[in-house]
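Student: Quick one: structure below, then a few questions.
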Amino acid sequence: MLPAPHPRSIPRALGAACLVLVLALVLAAPASALTTTVTVTHHAASKPSDATIALAALGVLLLLGCIVWACARLVAYEPRWTLSLRHSVAEAGFRASATWAEFSDWARLGR
């Protein structure tokens, strides 16, 4: 029986196998398959739709929020209300899981 591989060696071996497979496919392909001709046509410029602008604005707001969050985490900013909020959410999760466990036991036993 073969010994089990070390867990950290599996991703390395998988990555090496993928690299070898990609190189084999690229080197085995004929030169004509690697070259393509692209035809570019120019159209008159049109203004972006309202949905595109709204989606871009939402993306910018999300990016700005992520940057603010990252800066706050970088300087270890933790106001007191976040600690109490974290405790409250954990308590609510504990109570919800206990309620669900009680319900599933009740349903399993046939009432």
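All of the numbers you see were taken from the coordinates with simple rules; none came from a lab. These numbers were taken from a predicted model, which means no experiment stands behind them. Counting neighbours? That spans all protein chains shown, and the Cβs are built from the backbone with ideal geometry, glycine included.
Student: How compact and how long is region 35-91, expressed as Rg and Dmax of its alpha-carbon atoms in Å?
Tutor: For region 35-91, the Cα radius of gyration and maximum Cα-Cα distance read 21.9, 61 Å.
Student: If you don't mind, another one. Could I have the simple spin-label model distance between S104 and Y77, label points 7 Å from Cα toward Cβ, reported in nm to one decimal?
Tutor: Going by the 7 Å Cα→Cβ label model, 4.0 nm.
Student: Estimate the FRET efficiency between A90 and H43 by the formula 1/(1 + (r/R0)^6), using the beta-carbon distance for r and 41 Å for R0, to the nearest 0.05.
Tutor: 0.15
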